[in-house]
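These notes concern the structure reproduced below.
The values are calculated or read from the model by the stated rules, or taken from the named source; none is laboratory data. Fair warning: this is a prediction, and the values are worked out from it, not measured in the lab. Because the Cβ atoms are built from the backbone with ideal geometry, glycine has one as well, and the counts that use them run over all protein chains shown.
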């Protein structure tokens, strides 16, 4: 319960940062569309720096086992979520944007600063497992779902800065290599701003949304409750049935980080891809905004449930 309270406090702190971005747009200091620039800088520069910096730790078998456990569960949950969203899509006639919004959470921009603040920077290491798996699915399944199969490109996957950062970080981790002084300081400094920058960006996006219309949409509620409550509950069920947290002493702490990523609001990448492929980008943005607001309440509640059941 203590962790849930700390999480709520951290979420409220992030809400204040979001309101600063929102206020900056409303005051005419910046324009909402300028959030696209911040989004690109975050996605392709800041987050890769966070990934590399989080892997600048001493290699141990325990850390490797934890990383493999988190990656394995992330793969299983993504396949399970894709299947569940496909089934719900057929039954509820959900479109590509709605399905993608339920499947993919913001496991990077929001979770990395949360984990760093709540559990310490050393635990951000395990976020990399989720980011690594999700990045692959983003550039394969999400691209095919929103843009069509012809848009899937192996070259784009391999040359993605986040994939390169993960590969570089893993090499440094396995070889126990540290970045030299100035370079290491630069990477660490860039990574340290991910939380405030992302929250300002979300606030800027929210400023252009008709919040009343967003919250009056029944379909938006369905998608957000699926993303924030149903899908995390599915992971809880899988963990409870598998009893992995009982058999492996380190599993509960490692999988808590994965669970935080699963509980997060809709990934900003869904909105970005909707914009790139001109596929209902306004709907994608509306769902994203709504999920961020609702997650302030749902994430602490889901974490409390995790701690109570496991």
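General remarks:
Residue-wise test of (1) exposed (fewer than 15 other Cβ atoms within 10 Å of the Cβ); (2) over 28 Å from residue 279 (Cα atoms); (3) out of contact with any helix residue (DSSP H, G or I) (no Cβ under 8 Å at 6 or more places or on another chain); (4) touching a residue at least 60 places away in the same chain (Cβ under 8 Å).
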{"site": "162", "(1), (2), (3), (4)": "no, no, no, yes"}
{"site": "167", "(1), (2), (3), (4)": "yes, yes, yes, no"}
{"site": "183", "(1), (2), (3), (4)": "yes, yes, yes, no"}
{"site": "191", "(1), (2), (3), (4)": "no, yes, no, yes"}
{"site": "198", "(1), (2), (3), (4)": "no, no, no, yes"}
{"site": "202", "(1), (2), (3), (4)": "no, no, no, yes"}
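- Against the test of being within 18 Å of the chain's Cα centre (by Cα) and either at pLDDT below 90 or under 19 Å from residue 202 (Cα atoms) (or both), the options 41, 61 yield a single qualifying residue, 41.
- Qualifying positions in the stretch 187-205 - over 18 Å from the mean Cα position of the chain (by Cα) and under 19 Å from residue 13 (Cβ atoms): 204
- All positions within the stretch 240-255 that are in contact with a helix residue (DSSP H, G or I) (Cβ under 8 Å, 6 or more places away or on another chain) and farther than 15 Å from residue 304 by Cα: 244, 245, 248, 250, 251, 254
- Checklist (1) touching a strand residue (DSSP E or B) at 6+ places or on another chain (Cβ under 9 Å); (2) at pLDDT below 85 applied to residue 163, failing item: (1)
- Test: residue 103 is buried (at least 21 other Cβ atoms within 10 Å of the Cβ) and at pLDDT 90 or above: yes
- Yes/no for residue 236 being in contact (Cβ under 8 Å) with a residue 12 or more places away in the chain, crowded, with 16+ Cβ neighbours inside 10 Å and touching a helix residue (DSSP H, G or I) at 6+ places or on another chain (Cβ under 8 Å): yes
- Selection count where residues are assigned to a helix (DSSP H, G or I) and either loosely packed, with under 12 Cβ neighbours inside 10 Å or in contact with a helix residue (DSSP H, G or I) (Cβ under 6 Å, 6 or more places away or on another chain) (or both), scope the stretch 141-155: 9
- Residue 218 vs. criteria over 24 Å from residue 300 (Cβ atoms) and under 22 Å from the mean Cα position of the chain (by Cα): no
- Selection of the stretch 156-179 for residues being assigned to a helix (DSSP H, G or I) and more than 16 Å from residue 48 (Cα to Cα) yields only 174.
- All positions within the stretch 180-199 that are under 15 Å from residue 121 (Cβ atoms) and not in a helix (DSSP H, G or I): 192, 193
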